[in-house]
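Below is one structure, written out as structure tokens; comments come after it.
The values are calculated or read from the model by the stated rules, or taken from the named source; none is laboratory data. These numbers were taken from a predicted model, which means no experiment stands behind them. Every residue, glycine as well, gets a Cβ built from its backbone with ideal geometry; the counts of neighbours run over all protein chains shown. Areas reflect the complete protein model, heavy atoms only, side chains present, ligands, DNA and RNA absent. Shrake-Rupley method; radii C 1.70, N 1.55, O 1.52, S 1.80 Å.
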Amino acid sequence: MKSYLFILIYFSITAHSHALPPSNLRICALESGFGDFTNTQGTGIWQQTVKAAAKELNINIYFEYAPRERCLFKAKKGDVDAVFAAFTKDRDSYLRFPRKKNQEEDISKIVGTVFFKIYKKRNSNIDWNGKEFINLGTRTVGVQRGLQVASILKEKNIETEGDIVTTPEQNLIKLSRDRIVAAAIEETQADKVIKDQNYSDIVKVPTTFSKSDVHLAFSQNYYEKNQVLAEKIWLQLKAKRRK
């Protein structure tokens, strides 16, 4: 009799857990897309990874699209639940990133890694040696608005004012027309545009300028209300990337 009651209780609890309504997660992504990683169809690599992780936890994913800085602002206000973002000190004040026990950033739970290279004209003597620019002087470097690489350039006292754009294509157009002398661009996107547009006079400096480990970063508001679920999502992302 006890065994029978136990079985009934077990199946009752199991059935109830499966009947729970799904949670919703609102993610803001770039309206212009970000290479193969995100797009407005929701089929980018990072988007598919997040969807797969969410499915395991019975979570519905909703993407909305806006300019980069608008996405970050909406996350700061709590108008969206999450964004794709690399860690910076400033973002750490209003976004929640996965942490190790010692409170360091946990890069085992990222959605992906991207690399930024310096692009220039073929006949230019500008270079990047991994620590500093050579022959740049006080000239500005083109960069995409709202990305971690813009913060890195600022930390290195490299001028970008007036040459911040919203897409890699825009920087390469400016570079091809000699409106800028160099640009820091995500490598896969820049290489594709150069090939598609036949920008044969534009080359990349071999040494990587910066690497960005990209997280699904939650708004403070979402994390405070759903801490356990947020941590489960990060664990699922870690598991999906291992496969």
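Each residue was assigned an accessible area with a 1.4 Å probe, and for Y223 the value is about 10 Å². The relative contact order of the chain comes to 26 percent, based on Cα pairs under 8 Å that sit 6 or more residues apart. The amide H of E64, built 1.01 Å from its N in the peptide plane, has I27, C28, A29 as neighbours under 5 Å, considering only residues 5 or more places off or on other chains. Once the 1.4 Å probe is applied to the protein heavy atoms, the chain comes out at 56 Å² accessible per residue.
Using a cut-off of 19 Å between Cα atoms, the listed pairs K51/K109; K211/K240; K192/K240; K101/K232 include K211/K240; K192/K240 as exceeding that distance.
In loop segments of the stretch 151-235 as defined by DSSP, the GluC sites (Glu not before Pro) with at most 15 further C-beta atoms inside 10 Å of their C-beta are E159, E161. A cut-off of 5 Å between modelled amide H atoms, ignoring neighbours fewer than 5 places along the same chain, links L95 with no other residue.
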